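The values are calculated or read from the model by the stated rules, or taken from the named source; none is laboratory data. It should be emphasised that the depicted structure is a prediction, and the values quoted were computed from it without experimental measurement. Quick reminder, even Gly has a Cβ in these numbers, built from the backbone with ideal geometry, and neighbours come from all protein chains shown. Calculation scope for accessible area: heavy atoms of the full protein, side chains included, ligands and nucleic acids excluded. Shrake-Rupley method; radii C 1.70, N 1.55, O 1.52, S 1.80 Å.
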Amino acid sequence: MDLALRSLVLASLAALCGCSDTDAKQDTSADSTGSGDADPQMTTEPGSAADATESHGGAEDSGTTGHHDTTANPGTATTQTTSPTTDGSGSDSSTDSDSGSSTDTGDDTSVPDLQCEAGLEQCYPGAVDIPGAQAHQILLTDLNADTHLDAVFTYDTGVSFFLGDGTGSLVQSDVIPTGPTQSPLYIAAGDLDADGTMDVAFSVGSTNTPHVVIAFGAGDGTVASQVEYGLIGSASGIVLADFDDDGDLDIAAGDREFGTIGVRLNDGAGSMGAQTSYPLAGLMVVVKLGAADVDANGTLDVYAGATSAGVVVLPGLGDGTFDAAAVHTLDMGGTINAPVFVDIEGDGDLDLIAGRRVSDSQLVIRRGDAGGVLGETQFPFSTGGGDPEWPHVADFDKDGALDVAVLNLLNPRNLAVLRGDGLGALHDPVILQTYPQGIPQHVVAGDLNEDGVPDLVVGVIGTGVPNSVQVHLSNP
């Protein structure tokens, strides 16, 4: 190639990815991260998924994103835009820390497509630690109504609150100590008392008295007051959503000891009524709960990962009650902890995405149709590691198609992003970070630096090094 032309090409690539000329040179050969075609067989089935932009309002466990079910809080940059769902992103008025997708808070019109044409590694060049932070679960939301994303972290002995300033920086504003025998587990957020400020709910796995705590926000990133609600059995995932369609957020909590989901309805002022427990046919609830209109009948259902059963669905009746007799499971070919319903194909119907652990360690998609029926075919995708968990859906490369970020918990441990083709298939994984001295716990996405591209936040338990929370800021 002519030297002048080669220089022009390298300069153009560097401008696209925001990297140095040297970095651009390393990427001119080919995209080694697998931006080539995905398995053609994945694109042959006309699956469909309906993004749930929830009209009922809801939030999922712990995470936020933006194109799947409505499990994010209202007013949080981590809410997803899909149809009625609430599991990790958030719709209406709640935000969940486990949503499988993330909503950008920046002005998309200022960000051209194909920001990461030179490679996702160049757009996410590295991670920085948040001073003083550690996390098993992470939630991104706007705690103080300043339009900037903030963060809430659960860890062994407490829950911490960090305020963002729109640059990617996070500074601690408050903490709830729980003590060594009462470990906070899963987390969700929403305006539970309708006072215009964000509140946070989290489950606590106490050895004696498992319970859910609601921490009412003061509007400045601190906690004004708290209230506890007891649980029967062992605490698991939680989700906030409007199950009785009265305009306020209710709460559902899983019990992994007795295999039930307990639901409490909100009186509109943040006070939760008596718990109604629904048995899940002897199945044990594992980790994450979400809410979505799984069967596309206009009412919110609750779903969860279940031991040895794939994904269990508890159908909602729209009045705050659920049909325990109609509980059913969705086979995903292995143990599932953190499923996500999202419209990965962009056809308006919800699809199911989950990391399949133990068996073959793959990310699996089942495509849905307009009638709320999932296709029987399971489309597996390699994630570049073992035991993939916490899939989080967002458009990380700004090409208009949803991608999936996932943590591999074993052999090797890493953070990977699988780029979507917009038709329900995923390309080969791009490894953004490896963890030779740590075990990644949870990943969420949100636009912390407000450049129109989702950033990634990962909690890591150190092995021989301190625990940490790492932020991968986009650099388009």
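Numbers for the structure displayed
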item: When residues of the stretch 348-358 are limited to those that are open to solvent by 40 Å² or more (accessible area, probe 1.4 Å) and either of a type in the set (Phe, Trp, Tyr) or modelled with pLDDT under 90 (or both), the one nearest to residue 388 (Cα to Cα); result: 357
item: Filtered residues of the stretch 399-438 (kept if of a type in the set (D, E, K, R), surrounded by 20 or more Cβ atoms within 10 Å (Cβ to Cβ) and not in a strand (DSSP E or B)); result: 413
item: Which numbered condition residue 295 fails, given (1) assigned to a loop (DSSP other than H, G, I, E, B); (2) out of contact with any strand residue (DSSP E or B) (no Cβ under 9 Å at 6 or more places or on another chain); (3) open to solvent by 40 Å² or more (accessible area, probe 1.4 Å); (4) not aromatic (Phe, Trp, Tyr); result: (2)
item: Top-ranked residue of the stretch 177-199 - restricted to ones that are of a type in the set (D, E, K, R) and either open to solvent by 40 Å² or more (accessible area, probe 1.4 Å) or part of a strand (DSSP E or B) (or both), ranked as farthest from residue 253 (Cα to Cα); result: 195
item: Identity of the residue in the stretch 298-310, crowded, with 24+ Cβ neighbours inside 10 Å and aliphatic (A, V, I, L, M), that ends up nearest to residue 372 (Cα to Cα); result: 300
item: Lone unmet requirement of (1) open to solvent by less than 10 Å² (accessible area, probe 1.4 Å); (2) in contact with a Lys or Arg (Cβ under 8 Å, 6 or more places away or on another chain) for residue 345; result: (1)
item: One residue from 457, 393, 453 being part of a loop (DSSP other than H, G, I, E, B), touching a residue at least 60 places away in the same chain (Cβ under 8 Å), among the aliphatic types (A, V, I, L, M) and buried (at least 23 other Cβ atoms within 10 Å of the Cβ); result: 453
item: When residues of the stretch 318-343 are limited to those that are hydrophobic (A, V, I, L, M, F, W, C), within 30 Å of residue 425 (Cα to Cα) and modelled with pLDDT under 95, the one farthest from the chain's Cα centre (by Cα); result: 327
item: Restricting the stretch 200-233 to residues that are hydroxyl-bearing (Ser, Thr, Tyr) and part of a strand (DSSP E or B), the residue that is least open to solvent (accessible area, probe 1.4 Å); result: 203
